[in-house]
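Here's the structure, in structure tokens; my notes come after.
The values are calculated or read from the model by the stated rules, or taken from the named source; none is laboratory data. Not measured: the values here are computed from a predicted model. With ideal geometry, Cβ positions are generated from the backbone for all residues, glycine too; neighbour counts draw on all protein chains shown.
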Amino acid sequence: MSTINQDGMLVDAKVILRRYPGIEHGKLAGVHAIVVHQTDAPTAQQTFNAYIGGSVGAHFLIDKNGQIYQTASMHKRCFHVGPLLKSKCLTVNNKICDSASMARILAKGWTSQIKAIDSNERAKDYPARYPVNSDSVAIELVGAGLTIKTYEAVTSLQNTSHQWLVGELYTHFSLGVGDVYRHPEISYKNPGEASTAVWK
Amino acid sequence: MEIRFLTCSLIFTLTLTLTACATSAIDVHAISDVYVTDFNSADKEHCRRSDVDLSHSQARDFFLRAKQVDRQILHDHYNYAPCYIEGILKYRSKSCDWEIRAGATGHITCGDITEYFACDNCDDLFSSKPTQ
């Protein structure tokens, strides 16, 4: 069983701690969800290079050989969700959406619609909405985009490590399988991202 | 002395040319015959033709105004819209395919080469109207 030290780092032989302060942006008050990403780069080094300069990023990165790196403290926020949140009630349970206001939003054109949905959703608390940067940790799986819509398949070694990591985070933060989301589920991202990632 | 000057000039010109090639894979000013040929949506209820209803000339204008970005920038900083128009264009006598998505992103594919675009000042091209 892993532990989390006072710096918000996961201590276990399976995890290499390689923290990049440039991708940490303020305090992360609590962890209510996990968001699974894919890097859109073929090697871990390319992502590390981007992290050196400071950028958007994730708390963990899993290389194609299954090696887990922790790249940001779990006490710190990473910008990983994207600027606009999708509607959870529209996707998961249409009955709990405020139908009158949602109908007005959905009548708008796509660009105005996604901004209005974001504003509507951010007025809610998790789990009524999808997770945001300030209440979630992010896991990146190394993998390049292959075509406009597809990504490299997540390797079996990556998926084994991913399942272990997700299991540890469940325990540390009292989460369940319903608290893990693929990035394109929660914001407007390429639908192929992390589509082959698995967890229990 | 003159030979040395000519050599330096040649190296300078060559460097400039190579730099220009490296930073701009597609010279958008060389594209022509831009035609819209189709519309597609993976979410017909929420992303409609009216959200990306560009004419042939507006499609060309999109590529002229957009910046060329790598996939990583597109992935990290732009919204992926589920609907898009697509079409064909000519680039240096080659026929190429293109897509423009409702989120003001797009790409041009010429043979094996795909270049990605994102436009931060194209709101007027995507000013879709409410349906009700």
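Details
- Check on residue A:63, charged (D, E, K, R) and within 30 Å of residue B:43 (Cα to Cα): no
- Considering the conditions (1) more than 14 Å from chain B (Cβ to nearest Cβ); (2) within 22 Å of residue A:143 (Cα to Cα), residue A:13 is excluded by exactly one of them, (2).
- Enumeration of residues in region B:48-63 that are within 14 Å of the chain's Cα centre (by Cα) and either among the hydroxyl-bearing types (Ser, Thr, Tyr) or farther than 22 Å from residue B:109 by Cβ (or both): B:57
- Cβ-Cβ under 6 Å pairs, at least 6 apart or on other chains, region B:99-124 side in contact (Cβ under 8 Å) with a residue 60 or more places away in the chain, far side surrounded by fewer than 23 Cβ atoms within 10 Å (Cβ to Cβ) and among the polar types (S, T, N, Q): B:115/B:68
- Residue that is surrounded by the fewest Cβ atoms within 10 Å (Cβ to Cβ) [pool: residues in region A:141-183 that are free of Cβ contacts under 8 Å to residues at least 60 places away in the same chain, more than 15 Å from the chain's Cα centre (by Cα) and part of a helix (DSSP H, G or I)]: A:156
- If you go through region B:59-75 and keep only what is modelled with pLDDT of 95 or more and β-branched (Val, Ile, Thr), you end up with just B:69.
- Residue list for region B:82-95, restricted to those being free of Cβ contacts under 8 Å to residues at least 60 places away in the same chain and either more than 12 Å from chain A (Cβ to nearest Cβ) or at positive phi (or both): B:85, B:87, B:88, B:89, B:90, B:93, B:94, B:95
- Pairs are defined by a Cβ separation below 9 Å, a sequence spacing of at least 6 or placement on different chains, a first member in region B:68-81 that is in a strand (DSSP E or B), and a second member that is surrounded by fewer than 17 Cβ atoms within 10 Å (Cβ to Cβ) and hydrophobic (A, V, I, L, M, F, W, C); the pairs so defined are B:68/B:25.
- Taking region A:96-113 as the range and being hydrophobic (A, V, I, L, M, F, W, C), more than 7 Å from chain B (Cβ to nearest Cβ) and not in a helix (DSSP H, G or I) as the test, only A:97 passes.
- Condition met for residue B:50 (within 11 Å of chain A (Cβ to nearest Cβ) and in a helix (DSSP H, G or I)): yes
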